[in-house]
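K.L.:
Take a look at this one; I'll ask things after.
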Amino acid sequence: MPFRKVKEIIFIGTGTSSGVPTVACLTDPEKSCKTCMSTLTSEGEVNIRRNTSLLVRVNHEDGRVRNIVIDCGKTFYVSALKWWPYHELRNLDALILTHPHADAINGLDDLRAWTLRKVIQEYIPVYLTSITFETIQTLFPYLVDSKQASGGGDLPAFKWNIIDINHPFTVEGLEFTPLPAHHGKYFTTDEPYIYVGYRFENISYISDCNFIPDDTLTKMQGSDIMILDSLDYKEHPSHFSINQAINISRNSNPVPKRTYLVGFSHGVNHSELINEMKQLQLNEPLLWVRPAHDGLKVREKTDWNLDLEEFFILEIKRVLRHTDPIQEPIQEKELAKQEVAKQEEPALPPDFFDNSSLNNSSTKDSTTMEIDEQEWINFQKEISKETQVSNQIANADDEELQRDRDEMQEREQEFCLARLEKLKEVAKRVKEIRDNNMKSEKKWMDWRAQKIL
Ligand SMILES: [Zn+2]
Ligand SMILES: [Zn+2]
């Protein structure tokens, strides 16, 4: 597993500017808004959404994990009151801003809670574009220049760092690549309003946009996790709809392992959207899309390091042993596993890969279908083994919220479906390689390494 600086991410907020619930819905005599009304129940708590904001927790060489926040909007302090103690956080080591809208910057004043009389820390470094800085200067001059304060009030302490959206910059040892996107347009000039999301390591974050230019899409390619704006089911002039966000992941190559949607209005109900996304995944197994929720913590170990390598190596060995097995030292444990598999599973046709009749396309199709069915049966067995292991991991992890635990188990099962698709792809590719006389073990190993890693 490659060393990662990002230890985990925590969704501080996942709602649109107005947040969820709204006063209008809670005081509506008809009580007609299902999502807002659900927030009064413990099951519907997951629909409480504050302004979208992300906490990136970064491993540092001195051992103290750094807390880097992206965006600090109107509800940031309310979120912090809930999630800082809940996740046992203390410092706010840096703030990165995406754009100067109220739901991204209006919480700046409250950051005095960290810096006043150096109660937690001396100051907070802020990273932002010159346009965002100028807007803050206009809206909150006293935050930029304490001489502008009228006296008597306590001020937060910031160190301002202007970034160039064309170049990556480093915060606490972690590199951030700016991801410019369109977020509506100026009514006066029709020019697009530019928002700046960020890519860091294998994660791309764009919380407010209605269009992502090709240059930015290129910078996002290869992300394991995409976090995307998704206001509602309907299209909107300055935000992605759910379908528009899904299409970004669907059209990415490779499809990200995880896509989290954020920025919801009260038109979106969390549990309904999860069910819809599960249905979607039945048709498109590689497309794992879920709504994030406030407080959700995603950690590499359990959530996005999918550890496919061991699984595929075993699977590939099992398929290949009927033709030309790769000669590698096999450890006793693996050997025992394979022996069990041999007894339990009917053998594949011995000439699956080398049968010249498969070059005939009609024969090839029908044979492939039989093999797919066989793979499915075999795969079901893997699913039950994998699920047992997942359960053990989940039970041992008492730090997670209960709902995250349940969701993780579901994900493991769902991801098995995705693995089946990968496996089919592997089997197909193996046959192609054989057909093309690529029998050199080195070439095969190189391909396999690229495919798996
Ligand atoms: Zn509502
Ligand atoms: Zn905005």
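K.L.:
Within 10 Å of each candidate Cβ there may be at most 16 other Cβ atoms; applying that plus a DSSP loop requirement, which trypsin sites (Lys or Arg not before Pro) in the range 43-74 survive?
P.N.:
Arg64
K.L.:
Continuing with the same structure: Using the count of nearby Cβ atoms within 10 Å as a rough guide to exposure, how do Asp215, Asp232 rank from fewest to most?
P.N.:
Asp215, Asp232
K.L.:
Rounded, prolate or oblate: which one fits the range 112-227, using the alpha carbon gyration tensor with axes a ≥ b ≥ c (rounded when a/c is under 1.5, else prolate when a/b beats b/c, else oblate)?
P.N.:
Oblate.
K.L.:
Here is a further query. Here are some pairs, Lys385/Lys428; Lys219/Lys428; Lys381/Lys428; Lys5/Lys185; Lys74/Lys118; which of them have Cα atoms lying more than 28 Å apart in this structure? Kindly include the intermediate steps, with their values, before the conclusion.
P.N.:
Numbers: Lys385/Lys428 24 Å; Lys219/Lys428 30 Å; Lys381/Lys428 21 Å; Lys5/Lys185 36 Å; Lys74/Lys118 23 Å.
From Lys385/Lys428; Lys219/Lys428; Lys381/Lys428; Lys5/Lys185; Lys74/Lys118, over 28 Å: Lys219/Lys428; Lys5/Lys185.
K.L.:
Next question, about the same structure. Please sort 174-183, 34-43 by packing, taking for each peptide the average over its residues of neighbouring beta carbons within 10 angstrom, highest first.
P.N.:
174-183, 34-43
K.L.:
Oh, and also: Take the alpha carbon gyration tensor of the range 6-304, find the square roots of its eigenvalues, order them as a ≥ b ≥ c, and report rounded if a/c is under 1.5; if not, report prolate when a/b exceeds b/c, else oblate.
P.N.:
rounded
Where a number appears in this text, it was derived from the coordinates with a stated rule and is not lab data. Note that the structure is a prediction, hence the values are computed from the model and not measured. As a convention, Cβ positions derive from the backbone with ideal geometry for all residues, glycine included, and neighbour counts pool all protein chains shown.
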